[in-house]
Ligand SMILES: *Cc1c(COP(=O)(O)O)cnc(C)c1O
């Protein structure tokens with residue numbers, strides 16, 4: 001009996017990658033073995049964290065690191081750490097910040113979700129004074145310079161590839177903050193270049209442990225030693241309800257070893273074959289364009305399938321919605337689906353999965369399989385997300 005059969009849930013064919021909402025990474029056997037071993041042991045958590053710090057330093061080039069429960073927890077804990085340092089009285093005072101250095105600023109155009117909650121929630125929950133600078137599509141050096149003063153505890157930067165082009169580049173942002181002695185916290189949960197942020201001088205960088213690294217639910221904070229020290233100490237305060245367990249810490253250590261010794265060329269070759277299977281099946285179909293796109297935010301081969309609904313007779317959005325109701329459920333990266341783009345990530349597919357996806361896509365495009373017709377105006381992504389969350393207990397979140 002599979003675990004799906006035992007507990008009564010559908011198997012997910014994951015063409016999206018390690019999204020938190022799909023259970024994040026599929027953890028490999030060698031990493032699972034170490035998680036299994038540590039679960040039967042008692043440990044001193046500080047000692048595990050010290051060991052993890054050395055490995056995180058090796059991975060990132062930062063002075064030190066610690067493991068947290070997830071990336072959004074890491075963002076909150078980093079925000080707390082720049083407010084309190086390692087002063088236990090201040091750690092225990094949060095969220096009441098009764099001292100002047102309490103401002104945390106961010107470019108308005110980078111106000112994203114820390115996952116599915118807004119980034120200001122994880123900053124404000126520490127008691128910090130949250131300040132947005134610039135405009136939705138622009139931020140200039142003068143905006144940043146004017147905002148930095150003696151009450152600024154940190155500046156926050158988000159690494160993603162979907163921002164407007166006229167925000168401040170990270171190098172400029174860090175240099176200006178450092179002129180004023182203000183540390184920079186960087187959300188890099190989806191980034192796969194683990195060394196660039198330390199090189200640029202980011203003071204606290206947050207990476208996901210459960211996404212591309214391949215560990216179980218966890219995140220990493222890497223950076224300046226005194227600030228990382230203050231991050232772990234938040235477990236005496238607001239970090240306590242966000243703490244990571246021994247299995248998370250060990251999974252990070254095992255994942256780092258596995259990441260540093262992986263054969264990326266072989267992985268890419270295997271994934272390229274899978275992408276070719278799907279692209280070939282769609283060749284010559286009206287209104288369909290396929291392309292493999294590389295990104296700093298994914299180490300895997302990702303096939304972009306653009307669908308012109310008028311020519312194809314069915315929209316990317318309708319196909320995506322319908323694939324989410326099949327058994328197994330097929331999940332894609334659908335961030336750009338309302339613009340006609342479906343993205344298939346090869347990281348968690350095998351050749352059978354790729355063949356199945358190719359067949360399913362063809363069947364929608366030939367009209368053999370009909371997707372339920374949707375209104376012409378696609379719903380905003382967060383409305384769809386809301387409907388899913390809202391129906392989880394009684395309704396049908398698959399719509
Ligand atoms: C996934 C992600 C998060 C949230 O990560 P969790 O580990 O689910 O909390 C935050 N920021 C970015 C850029 C992400 O990709």
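No lab work stands behind these numbers, since they all come straight from the coordinates. As the structure is a prediction and not an experimental result, all values here were calculated from the model. We place every Cβ from the backbone using ideal geometry, glycine too, and count neighbours over all the protein chains shown.
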Report summary line: Fewest-first ordering of 374, 55 by Cβ atoms within 10 Å yields 374, 55
Requested in this report: Enter the Cα centre distance for the pair region 6-29 and region 370-395, rounded to the nearest angstrom.
Outcome: 20 Å
Report summary line: Relative to the chain, whose Cα atoms define the longest principal axis, helix 264-282 and its Cα axis are tilted in degrees, nearest 10, by 40 degrees
Query - Ranked packing of 107-116, 38-47, most packed first, by mean Cβ within 10 Å - result: 107-116, 38-47
**Report entry** Estimated 222 nm signal from helices in the chain, with DSSP H stretches of n ≥ 4 weighted -39500 (n - 2.57), rounded to 500
**Finding:** -12000 deg cm²/dmol
Requested in this report: Sketch the reach of a paramagnetic label on residue 396 as a point 7 Å from Cα along Cα-to-Cβ, and name the residues of region 344-375 whose backbone nitrogen lies under 16 Å away.
Outcome: 370-374
Query raised in the report: So what's the gap between the Cα centers of region 250-313 and region 319-356, to the nearest angstrom?
Result: 11 Å
Query - Mean Cα-pair separation over length for region 89-220, i.e. relative contact order, pairs under 8 Å, 6 or more apart, % - result: 20 percent
**Report entry** Peptide ranges 257-263, 321-327 listed from the most packed, as the mean C-beta count within 10 angstrom indicates
**Finding:** 321-327, 257-263
Query raised in the report: If you average the sequence gap of Cα pairs under 8 Å that are 6 or more apart and divide by the length of the chain, what percent do you get for the contact order?
Result: 21 percent
Query raised in the report: Does anyone have the angle between helix 45-60 and the longest principal axis of the chain? Alpha-carbon axes, 0 to 90°, nearest 10?
Result: 70 degrees
Report summary line: Measuring from the longest principal axis of the C-alpha atoms of the chain, the long axis of helix 351-366 (C-alpha) lies at a number of degrees, nearest 10, equal to 60 degrees
